[in-house]
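**Student:** I am attaching a structure below and will ask some questions about it afterwards.
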Amino acid sequence: MEVKFSTQGFNEVVDITSAVQKAILESDTKDGVAHLFVIGSTAAITTIEYEPGAVADLKRALDQIAPMDAVYAHNEAWGDGNGYAHLRAALLKPDLCVPVRDGKLLLGTWQQIILIDFDNRPRQRTVFITMTEAIRR
Amino acid sequence: MEVKFSTQGFNEVVDITSAVQKAILESDTKDGVAHLFVIGSTAAITTIEYEPGAVADLKRALDQIAPMDAVYAHNEAWGDGNGYAHLRAALLKPDLCVPVRDGKLLLGTWQQIILIDFDNRPRQRTVFITMTEAIRR
Amino acid sequence: MEVKFSTQGFNEVVDITSAVQKAILESDTKDGVAHLFVIGSTAAITTIEYEPGAVADLKRALDQIAPMDAVYAHNEAWGDGNGYAHLRAALLKPDLCVPVRDGKLLLGTWQQIILIDFDNRPRQRTVFITMTEAIRR
């Protein structure tokens, strides 16, 4: 399965929980793991309490770890200005595995799955969802 | 499977390796992957050499990346004072996948699986363990 | 499956994409997930655009997050001087899951899988690759 998301880039944080849940229901999966992976080297997937405060705190922390306007060797070589995005994506990674039981994602009440698009332009992002089944014994 | 851990919060680091290994043995899994996932938005799972020095170094680094007493938009909105915990959890992620062979976790001798509870109060944490089987060819 | 890599340590970044792809082809896997895990507490796996600029930017960021010459409690206890390596490995984690379709890793054109060996000496590293199959419905 794949799910596509249109983003504005520039560190936009998208709550993809309901889209992932919908894909799982369509696959008729009961018990196992949902493997999520975003294609590309300037995006990442993680979880957070999806409320404006926590999201703003995450963005600010990433601004400190990898400032958008710092000097990057990637930018000097390629001139595309998204060196910060490559760095953030490598640190946060493109993958996440979430358990599924009775067809539902196992998440905390205040725990959502987010896609962060670090690139410096709007993008259409593809998240691949692969369902694998739990061993039953 | 699920395993519960009582923590004191405040960045307590718990070595969960033996509890995970025990769950795998009980499931009678031979070859595959153990998927670990901690429910909630203020905890994370990773690996480390579980000795006091390395654990202290990790805590100090997280204190620098996301200080407990910094100003967080999450705290300003919700007043619960655990903005640092949400940030740390989003950066470190709640999931980990560890290979299993012959019913044993494949880890280095000095590589343990840890649960870190960042929240600012004692919590009971649930780690879901899902076993998936390797393709044999 | 396991693949071995000889590294020089000292944060060497190795593009392991083609080795992982080769192992998948040998396993005759069609659709599922490739689970990667590096044994040891001083190495990590992630993805990046594998070009010298982005790799240099990642190394520099890690030098800031966990300087090689800072004071580490791990070093004071064990005297082996690789406290920075333990810290970096715990932050970046040893695992990565990548989707596989029609026997091929699903990655972006400029997205490669890298092994980073943080240790302060040459090492032979073992990456375990476990293939699990997607549910087909």
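**Student:** Indicate the gyration tensor shape class of the protein assembly as shown (rounded, prolate or oblate), computed on the Cα atoms with a ≥ b ≥ c the square roots of the eigenvalues: a/c under 1.5 is rounded; otherwise a/b larger than b/c is prolate and the rest oblate.
**Tutor:** Verdict is rounded for the protein assembly as shown.
**Student:** While we're looking at this one, here's another question. For C:64-77, what's the mean count of beta carbons from other chains sitting within 10 Å of each residue's beta carbon?
**Tutor:** 4
**Student:** Does the stretch B:2-133 come out rounded, prolate or oblate, given a ≥ b ≥ c as the square roots of the eigenvalues of its C-alpha gyration tensor, rounded meaning a/c under 1.5 and, failing that, prolate meaning a/b above b/c?
**Tutor:** Prolate.
**Student:** What is the distance, in nm, between label points placed 7 Å from the Cα along the Cα-to-Cβ direction at B:Asp102 and at C:Arg60?
**Tutor:** About 4.7 nm separates the two model spin labels.
**Student:** Order B:104-110, A:95-101 from most to least packed using the mean count of other Cβ atoms within 10 Å.
**Tutor:** Result, highest mean first: A:95-101, B:104-110.
**Student:** How many Cβ atoms of partner chains, on average, are near each residue of B:79-90 if near means within 10 Å of its Cβ?
**Tutor:** 4
**Student:** How much net charge surrounds A:Gln124 when only the other residues with a Cβ under 12 Å from the Cβ of A:Gln124 are counted, with Lys and Arg +1 and Asp and Glu -1?
**Tutor:** With Lys, Arg at +1 and Asp, Glu at -1, the net is +1.
**Student:** A further question follows. Could you tally the net charge around B:Asp80, taking each other residue with its Cβ under 12 Å from the Cβ of B:Asp80, Lys/Arg +1 and Asp/Glu -1?
**Tutor:** Charge balance near B:Asp80 sits at -3.
**Student:** Among the listed pairs B:Lys93/C:Lys104; B:Lys104/C:Lys22; B:Lys4/B:Lys93; A:Lys59/B:Lys4; A:Lys104/B:Lys30; C:Lys4/C:Lys93, which are separated by more than 23 Å between their Cα atoms?
**Tutor:** Among B:Lys93/C:Lys104; B:Lys104/C:Lys22; B:Lys4/B:Lys93; A:Lys59/B:Lys4; A:Lys104/B:Lys30; C:Lys4/C:Lys93, the Cα-Cα distance tops 23 Å for B:Lys93/C:Lys104; B:Lys104/C:Lys22; A:Lys59/B:Lys4; A:Lys104/B:Lys30.
**Student:** On a C-alpha basis, how far is the centre of the stretch A:99-137 from the centre of the stretch C:1-64 in Å? Whole number, if you could?
**Tutor:** The two parts, judged by their Cα centres, are 23 Å apart.
**Student:** Other chains near B:28-41: what is the mean number of their Cβ atoms within 10 Å of each residue's Cβ?
**Tutor:** 6
**Student:** Can I ask one more? Select from chain C the helices, each a whole stretch of DSSP H, whose alpha-carbon atoms run 27 Å or more along the helix axis and whose Kyte-Doolittle mean is at least -0.5; answer none if there are none.
**Tutor:** none
**Student:** When a/c reaches 1.5 or more, the comparison of a/b and b/c decides; with that in mind, is the stretch B:1-53 rounded, prolate or oblate per its Cα gyration tensor?
**Tutor:** Cα axes put the stretch B:1-53 in the prolate bin.
**Student:** Compute the signed sum of charges (Lys and Arg +1, Asp and Glu -1) over the other residues within less than 11 Å, Cβ to Cβ, of B:Thr47.
**Tutor:** Every neighbour counted, the sum reads -2.
**Student:** Could you check the simple spin-label distance between A:Arg121 and B:Asp31, using points 7 Å along Cα→Cβ, in nm with one decimal?
**Tutor:** Those two pseudo-labels are separated by 4.6 nm.
**Student:** Follow-up question, since we're still on this one. Sorted by mean Cβ packing within 10 Å, highest first, what order do the peptides A:28-37, B:2-11, B:39-48 take?
**Tutor:** B:39-48, A:28-37, B:2-11
**Student:** If I model a spin label as a point 7 Å beyond the Cα along the Cα-Cβ vector, how far apart are those points for C:Glu51 and C:Ser6 in nm?
**Tutor:** Taking the simple label geometry, C:Glu51 and C:Ser6 are separated by 3.1 nm.
Since every read-out is calculated from the coordinates, none of them should be taken as a lab result. Note that this is a predicted model, so its numbers are computed, not measured. Counting neighbours? That spans all protein chains shown, and the Cβs are built from the backbone with ideal geometry, glycine included.
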